[in-house]
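A quick write-up on the structure given underneath.
Rule-based calculations on the coordinates, nothing more; no lab input. Owing to the predicted nature of the structure, the values given are computational and were not obtained by experimental measurement. Don't worry about glycine lacking a Cβ; one is built from the backbone with ideal geometry, like all the others, and counts go over all protein chains shown.
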Amino acid sequence: MKCVIYARVSSREQEQEGFSILAQLRLLRGYAAEKGYEIHEEFIDIETAKKTGRIQFGKMLDYIGSEPSCRTILVEKTDRLYRNFRDYVTMDDLDAEIHFVKENSIISKDSRSNDKLVHGIKVVIAKNYVDNLSEEVKKGMWEKAEQGEWPNKAPLGYLNNKETHQLEVDPDRAIIIVSLFELYASGEYSITALFQKAKEFGLKYRTSDRHCSRSNIERILKNPIYAGTFIWNGKQFPGTHEPIISQELFDKVQMKFGNSGKPKYNSKEFAFKGILTCGHCGCTMTAEIKKGKYIYYRCTNGKGKCEQDYIREEKLSEIMAEVVSQIRIAPEIAERIRSALRSSLDTEKDYRNKEIAKLKRQYDKLQVRLDQCYIDKIEGRIDTNFWKKQYDRWTAEQNAINSRMRKFEKATRNYYEDGVEFLELAQGAYSLYVSQNPAEQGKLLRKLLSNCSIKDLTLYPTYRKPFNFIVEGCDSDFWLGDRDSNPDSTVQSRMSCHWTIPQ
């Protein structure tokens, strides 16, 4: 039997600190020898897995896809293969048999539905953990924006000061930025003409030799950051940085574009918008208000006039209740989910503790520097100005480290809360749904469903993973593995369900 091996550490720092690739390979090679597998290829990634696009992971997918005789992947455990739900979906579509050696589990298309569910839960919760870390970072960036500090990489014309963490004017490029605004405000230059001027001025990307494109020039001219304010996540903030141009010049340029440069938003949120597609043409279903109070859903007619009827929101809410009612789970499986969540939480705690320990070592190292620097100041080896500069720099780094440690701790708490939320949804989705108003129902449905199709007055739901596994196995006999001679019959009958929307 042929197989491939996949091993991963999520950063080069982890590789250096003991998350050994060699240990993973020894385990997987020993397992292959014990089970009689012939190893054809070994794929190793030492990089972040927060985003898809890992080089060796992609090569492994290509290899499995092109080698029909090799359908088996050996990996240490779930979070070594993927910490990203998109990777999970990709692997599921690949139709391979995956051996998670340390977890003593095998997942394939022939696995029981409850095994798939428990496996899917581990992936979903691990992905939520990464998302929680990301959310904490975003919150920090939002807080920085509210204080008037630009929370991202400096735009052309500015530089990021690594010591003060503030924007400072780039004297070489700021002059060019001012010239571009003045030339466009004169009305004598088009964007294309400005693009040529920018090339003459030598305005280039900071990280390459390429000149700014026409679209870059237009973005510069519409960016209020050069006049002292900036937009972050759709909200405008007054900046504490030094403006390059006056507000008057910026407004004059926006008038040339024929607008004020301010973003526009749709304040109305519709309950089921974003989860419905037209069964006739495949376009998105959108919502609109009739007679000032009745909400209807219709096809966007993106491919031309469509024969899809208008559907009242109240009727959709009624039929969606039946769809949600299919998500129910036996007590025995609920206990298996709890066990999987506990195991997954232990894994993430171990990861968190190692990261916090690494940050603590960095913090302590800075403290040693501060203590020694203070002694040097007292004994006259350095002057007060040098001491103040080093003190400000190192304490700022310590504060940043403390902030990261707090984010890890909060992400772990959120990770546990996500697991509890999933279990509660699995056990009581229907009861929760019928007690909510349409807006709350819409939020719940986005967690449970995706791209449900409507054709005429019939709804065809698509359940998100891992809730689809619950629907597949909602018959307790099926969950417990008591299948009939056709193991796909129960799944097929339940997953092909559709509902007629009442008129």
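If I stretch the segment between residue 35 and residue 288 completely, what's the gain in nm (0.36 nm per residue apart, minus their alpha carbon distance), one decimal?
Value of the extension gain: 85.1 nm.
What pairs from 144/365; 273/447; 315/443; 77/116 go past 19 Å between their alpha carbons?
Too far apart for the 19 Å limit: 144/365.
Report the FRET efficiency, 1/(1 + (r/R0)^6), for residue 378 and residue 232, where r is their Cβ-Cβ distance and R0 is 25 Å, rounded to 0.05.
My answer for the efficiency is 0.05.
How many nm separate the modelled label positions at residue 153 and residue 386, each set 7 Å beyond the Cα in the direction of the Cβ?
3.6
Can you give me the distance in nm between label points at residue 314 and residue 90, each placed 7 Å from the Cα along the Cα-to-Cβ direction?
4.7
When a/c reaches 1.5 or more, the comparison of a/b and b/c decides; with that in mind, is segment 166-257 rounded, prolate or oblate per its Cα gyration tensor?
Verdict is oblate for segment 166-257.
Taking H as built 1.01 Å from N, whose amide H comes closer than 5 Å to the amide H of residue 309, not counting residues under 5 places away?
456
Would you pull out the residues with amide H under 5 Å of residue 232's amide H, same chain only if 5 or more places away, H placed 1.01 Å from N?
Answer set, sorted by chain and number: 237.
Sort 469, 422 so that the residue with the fewest other Cβ atoms within 10 Å of its own Cβ comes first and the one with the most comes last.
So the residues, fewest neighbours to most, are 422, 469.
How charged is the neighbourhood of residue 189? Take every other residue with its Cβ under 11 Å from the Cβ of residue 189, and add Lys/Arg as +1 and Asp/Glu as -1.
0
Apply the Karplus parameterisation 6.51 cos²θ - 1.76 cosθ + 1.60, with θ equal to phi minus 60°, to every residue of segment 450-460 and state each ³J(HN,Hα) to the nearest whole Hz, in sequence, with x for glycine and proline.
Working through the residues one at a time gives 8, 6, 6, 9, 10, 10, 6, 10, 10, 9, 10 Hz.
Measure out, as a whole number of angstrom, how far apart the alpha-carbon centroids of segment 80-113 and segment 444-470 sit.
23
Tell me, what ³J(HN,Hα) does each residue in segment 373-387 have, in order and in whole Hz, if you take phi through Karplus 6.51 cos²θ - 1.76 cosθ + 1.60 with θ = phi - 60° and put x for Gly and Pro?
5, 5, 4, 4, 5, 4, 8, x, 7, 9, 8, 5, 4, 5, 4
Under a 5 Å amide H to amide H cut-off, with H placed in plane at 1.01 Å, what residues pair with residue 295 once short-range neighbours are removed?
Under 5 Å from the amide H of residue 295 lie the amide H atoms of 290, 313, each far enough along the sequence or on another chain.
Taking R0 as 60 Å, what's the FRET efficiency between residue 26 and residue 200 from their Cβ-Cβ distance, rounded to 0.05?
0.50
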